[in-house]
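First comes the structure, then the notes that go with it.
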Amino acid sequence: MARPRTITDERILNAVAAVIDRRGPEFTVADVATEAGVSVGAVAKRFGSKSGLLQALTKAGTEEVAHRMRAAGNVRDALLTWFDRLNDPVVATNNLAQLGVDLIDPDLRALLVRHYAVLEEELEVLCAAEELPPTAARVLAALVYGISMDWSVRPRGDLLDRMAEDVDLVLKGMR
């Protein structure tokens, strides 16, 4: 009889996110293993490489944010789920640095294309339900991407407060 699996993919992927939050793209598979409390071999066996970890994290992140958007139930709250875990300037900067590295890798870039498409599709459904203009999802997505980028470079105040204020202003104009 096989032993029950105690090391879950979720545990390892949570460790990847935590290590990126602290170290950005300079993280190693060994850093992830330490964070997860497992051996480097266990991580390598599951994910193969740092790129494999990043691919799995991106796929899981896409599904998680899409689920959270659906659960939010409205455009405003759904948009605020996109970057809520990046509400710390160091975490935001490290994740932005990782994004820059991800864009260079064709496999990771393709997953990011899918990630953004899935989020925009979810947003389109919510916008249609609120009878917003056909281009609302695209405009609102660009707004929160821009806010998160600007705030990552020049953090002033709370990211989510800034995002909520700007989203509210744009939604008011669309309605």
(Q) Yes or no: the stretch 1-13 includes at least one residue that is modelled with pLDDT under 95 and within 30 Å of Gly157 (Cβ to Cβ). (A) no
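Would you please name the residue that is farthest from the chain's Cα centre (by Cα), looking only at residues in the stretch 59-93 that are of a type in the set (Gly, Ala, Ser) and within 17 Å of Ala117 (Cα to Cα)? Write out each step before concluding.
First, pick out the residues of the stretch 59-93 that are of a type in the set (Gly, Ala, Ser): 60-61, 66, 71-73, 78, 92.
With within 17 Å of Ala117 (Cα to Cα) added as a condition, the list becomes 60-61, 66, 78.
Values: Ala60: 9, Gly61: 6, Ala66: 10, Ala78: 13 Å.
Per the criteria, the residue is Ala78.
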Q) Looking at the stretch 46-56, is at least one residue within 30 Å of Glu165 (Cα to Cα) and modelled with pLDDT under 95? A) no
Within the stretch 133-159, residues being within 15 Å of Val90 (Cα to Cα) and out of contact with any Pro (no Cβ under 9 Å at 6 or more places or on another chain) number 8
Expected single match for over 22 Å from Ala72 (Cβ atoms), of a type in the set (A, V, I, L, M, F, W, C) and without any contact (Cβ under 8 Å) to a residue 60 or more places away in the chain among Ala97, Ala128, Ala117, Ala110 is Ala110
Of the residues in the stretch 125-141, those that are crowded, with 17+ Cβ neighbours inside 10 Å and outside any loop (DSSP other than H, G, I, E, B) number 6
Selection over the stretch 142-175 where residues are within 15 Å of Trp82 (Cβ to Cβ), in contact (Cβ under 8 Å) with a residue 40 or more places away in the chain and open to solvent by 60 Å² or more (accessible area, probe 1.4 Å) yields a count of 1
Given (1) open to solvent by 50 Å² or more (accessible area, probe 1.4 Å); (2) part of a helix (DSSP H, G or I), Thr6 misses just (2)
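The values are calculated or read from the model by the stated rules, or taken from the named source; none is laboratory data. As the structure is a prediction and not an experimental result, all values here were calculated from the model. When we count neighbours, we look across all protein chains shown, and the Cβ atoms used for this are built from the backbone with ideal geometry, even at glycine. Keep in mind that these areas ignore ligands, DNA and RNA; they rest on the heavy atoms of the full protein, side chains included. Shrake-Rupley method; radii C 1.70, N 1.55, O 1.52, S 1.80 Å.
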